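To keep things clear, I will list the structure first and then write my remarks on it.
Computed from the coordinates by the stated procedures, all read-outs in this text should not be read as laboratory data. From a predicted model like this one, the values you see are computed outputs, not experimental measurements. Here the Cβ positions follow ideal geometry from the backbone for every residue, glycine too, while neighbour counts run over all protein chains shown.
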Amino acid sequence: MNDVDRKNGHIDLALQQQDSSSDFDQVRLRHRALPEVNFQDIDLSVQFLSYKLSAPLFVSSMTGGPLRAERINRHLAEAVCELGLAMGVGSQRIAIEQGKKSGMTSTIRDAIGRCPLMANFGAVNLLTLKSISDLGYVLDPLEADAIILHLNPMQEIFQCRGDTNWKGVLDAIDAVCSWAPVPVVVKEVGFGLDRESAKRLLDAGVSVLDVAGQGGTRFDEIEQELAAGTERPEISNTAFKNWGYSTVESLRALHSDFPDSTLWASGGIRDGLDIAKSLCLGASAAGVAGTVLGSALESTDAVIARLSRLIYELKIACFGTGVSQVTQLNECQIMEEK
Ligand SMILES: Cc1cc2nc3c(=O)[nH]c(=O)nc-3n(C[C@H](O)[C@H](O)[C@H](O)COP(=O)(O)O)c2cc1C
């Protein structure tokens, strides 16, 4: 299976995957019977990188391989522009290796206007670059406002011919931080960031950590299905099903160890209440991938409707907890466990 077919497979399988239960269900916010706020006046705007967003919400990186991605990205970018949010594109590795634009052309920048747009590259693929400055090829066409490096060891290991030599990746990330003309964001792809890795990344100079935890899209399952019948040795379908940290677990750990660092929450965000809970757990913004994928395949209007619903639900959560500004959401609004 070539890279383009595999990335097409990601889209098809991720669409079938969205779970209904998650660790977010264990987090409950305090209800205020006397909220003393006017719903109409609730301010959801936040600072994001050097921009002001209308709400603390971004579309998380989705694949850049197949031509289908061109349409998906256009729908997402137009919706993000309409709503004043932010977006990361999917991995641009194929674009660098094959010299193709692969759905990542400057038309995405045209579609998104001046909203923040983030480039994306696999951290393990940094090892194969001739020079770190080749990343200019992923930043420039997008006029990218940040570069996201994704960590996906457990995706690569389940893949047929995945990249399984991760020695030297931290040094490469360090080199990107020294070189990059824009902030460097590091994210997982659905297994969460752990304390030790987070510390090393922050020490290397990474500006933002996006936990991208367990609870939504599961790349171990997706890659296992795509690798079926290939030369990769057979492994149990269920042995690793609970591997990784949920978004809630990862946020709790990282916020407690690095309270002053910028954390973003993604992985299994289903609704605006999950966004509110993420902010209470220490994130400054939340990202969605799998939950907007179906709408992104459909149309710009469908994405606008999906994202607007998340934003409206977030506003209800602010009302219910009695805060007039979304930035006032913090751990005080979390109900103590019985
Ligand atoms: C179809 C698809 C393709 C993805 N491709 C990428 C990618 O190229 N780069 C990346 O960093 N993350 C990629 N991701 C991971 C998402 O950005 C996100 O971290 C993960 O899906 C968890 O969020 P979710 O539960 O909202 O889907 C992809 C996700 C999906 C569903």
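Quick rundown of the values:
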item	result
Cβ pairs under 6 Å, 6+ apart, first in region 165-191 and under 22 Å from PRO116 (Cα atoms), second within 13 Å of the ligand (Cβ to nearest atom) and in a loop (DSSP other than H, G, I, E, B)	LYS187/ALA212; GLU188/LEU151; GLU188/ALA212; VAL189/ASN152; VAL189/ALA212
Flag if SER197 is more than 16 Å from the ligand (Cβ to nearest atom) and of a type in the set (Ser, Thr, Tyr)	no
Residue check for GLU97: closer than 17 Å to ALA289 by Cα and charged (D, E, K, R)	no
Residue match in region 223-245 (condition: buried (at least 18 other Cβ atoms within 10 Å of the Cβ) and of a type in the set (Val, Ile, Thr))	no
Some residue of region 290-301 being in contact with an Asp or Glu (Cβ under 9 Å, 6 or more places away or on another chain), β-branched (Val, Ile, Thr), away from the ligand (no atom under 14 Å from the Cβ) and within 20 Å of VAL80 (Cα to Cα)	yes
Hits in region 244-289 - residues which are part of a loop (DSSP other than H, G, I, E, B), touching a residue at least 24 places away in the same chain (Cβ under 8 Å), more than 15 Å from LEU314 (Cβ to Cβ) and more than 9 Å from the ligand (Cβ to nearest atom)	GLY244, TYR245, PHE258, SER261, GLY282
Region 158-179, residues that are surrounded by fewer than 21 Cβ atoms within 10 Å (Cβ to Cβ) and in a loop (DSSP other than H, G, I, E, B)	CYS160, ARG161, GLY162, ASP163, THR164, ASN165, TRP166, LYS167, GLY168
Long-range neighbours under 8 Å by Cβ, at least six apart or interchain, first residue more than 14 Å from the ligand (Cβ to nearest atom) within region 138-161, second of a type in the set (Asp, Glu) and not in a helix (DSSP H, G or I)	CYS160/GLU231
Members of region 304-338 found to be part of a helix (DSSP H, G or I), more than 14 Å from the ligand (Cβ to nearest atom) and in contact with a strand residue (DSSP E or B) (Cβ under 9 Å, 6 or more places away or on another chain), listed by number	ILE311, LEU314, ALA317, CYS318, GLY320, THR321, VAL326, THR327, GLN333
Considering residues of region 285-338 that are under 21 Å from THR247 (Cα atoms) and of a type in the set (Gly, Ala, Ser) only, the residue surrounded by the most Cβ atoms within 10 Å (Cβ to Cβ)	GLY287
Residue within region 186-196 that is crowded, with 18+ Cβ neighbours inside 10 Å, farther than 22 Å from PHE158 by Cβ and either under 17 Å from the mean Cα position of the chain (by Cα) or not hydrophobic (A, V, I, L, M, F, W, C) (or both) present	no
Check on GLU231, assigned to a loop (DSSP other than H, G, I, E, B) and out of contact with any His (no Cβ under 6 Å at 6 or more places or on another chain)	yes
